[in-house]
């Protein structure tokens, strides 16, 4: 008799939570409403709101659901890697805790993985409540020239604002919704754990392409994205790690980083930008 408890599944959905708020309930509910053979691994980075544990109690009879408690905030990439090590699905779907995904969108992502040659990673167009796409859904690599164009709101920047309505090759897609064969994720050794939060998705896309896999955007898939409960609670903390991630990506992949004086200027620019953002972040928090 086959061991049904360890039989392969079509999909493992991985959600990382860290004081993600009530939106996490809707995210989990949307995944478990799908009829695709799947499991959901909710991995919690030491949330203090009790919501992951409450969801686990409510879902204790659902064999598709697993809560993994880290007891510390390990960061996004390290948490995904730990969940992926426990996953049984042939494919992984990495999903932000403030996303709501419909079964048709989930199935379409799986279909793209199955039918597109050398598909290593597939993203979706993530949208806000008004249906406005997040530019991070479809991006170029943030090499220095493009990053500066984005900063000064000039053409030729990182984001590609014209969203397609079909499957296209991309340099990078949003880590909010990211599907890939588990064997590809494992071959790449998962996320680079030296990123804590932000830019690890850009890194994974780049390494997938460098390894010969295609990074694709399923432009006909739209997923509602609520833009982060944890980010709203700790904007300076999140901004620090975002800038830290930008610095790591630059050093790893940008040819300009080979020149010492350019590295010094970029380092200074990144951290001055971080410091300049802090007063506005504090003011927005005070107004809430």
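All of the numbers you see were taken from the coordinates with simple rules; none came from a lab. Please read these numbers as outputs of a predicted model, since none were measured by experiment. For neighbour counting, all protein chains shown are included, and Cβ atoms are generated from backbone atoms with ideal geometry for every residue, glycine included.
Looking only at the chain, where both bridge partners belong to it, what percent of the DSSP beta bridges are antiparallel (to the nearest 5)? Here the antiparallel bridges make up roughly 35 percent for the chain.
Built from the Cα atoms of segment 131-288, the convex hull projects on average onto 10.4 nm², one quarter of its surface area.
Remark: C-alpha extents of segment 1-136 on the principal axes read 50, 43, 26 Å, sorted largest to smallest. Sorting the segments 46-53, 173-180 by their residues' average number of neighbouring beta-carbon atoms within 10 angstrom, most packed first, yields 173-180, 46-53. Note on residue 61/residue 210: beta-carbon distance plugged into 1/(1 + (r/R0)^6) with R0 of 51 Å gives a FRET efficiency of 0.70.
Under 1.5 on a/c is rounded, so check that first for segment 199-267, then, if it is not, pick prolate when a/b is larger than b/c and oblate when it is not; a ≥ b ≥ c are the square roots of the alpha carbon gyration tensor eigenvalues. Note, shape of segment 199-267 comes out oblate. The average projected area of segment 4-228, computed from the convex hull of its Cα atoms over all directions, is 12.2 nm².
Express in nm, to one decimal, how much length is gained between residue 86 and residue 275 on full extension, taking 0.36 nm for each residue of separation and deducting their alpha carbon distance.
Answer, rounded to one decimal: 64.1 nm.
Averaging the sequence gap over all C-alpha pairs within less than 8 Å and six or more residues apart, then dividing by the number of residues, gives the chain a relative contact order of 20 percent.
When peptides 194-201, 273-280 are sorted by average Cβ neighbour count within 10 Å, with the highest value leading, the order is 194-201, 273-280. Applying 0.36 nm per residue to the separation of residue 116 and residue 29 and subtracting their alpha-carbon distance, the gain on full extension is 28.4 nm.
Is the shape of segment 232-287 rounded, prolate or oblate, going by the alpha carbon gyration tensor and its root eigenvalues a ≥ b ≥ c, with a/c under 1.5 for rounded and a/b larger than b/c for prolate?
Since a/c reaches 1.5 and a/b is larger than b/c, the shape of segment 232-287 is classed as prolate.
Relative to the longest principal axis of the Cα atoms of the chain, the long axis of helix 235-253 lies at roughly 80 degrees. Distance between the pseudo-spin-label points of residue 259 and residue 284 (7 Å out from Cα toward the beta carbon): 3.3 nm.
Entry note, segment 232-287: relative contact order of 48 percent, from Cα contacts under 8 Å with a spacing of 6+ residues. Among 184-192, 113-121, 23-31, the peptide with the highest mean count of other Cβ atoms within 10 Å heads the list, and the full ranking is 23-31, 184-192, 113-121. Its relative contact order, with pairs defined as Cα atoms under 8 Å and 6+ residues apart, puts segment 17-148 at 25 percent.
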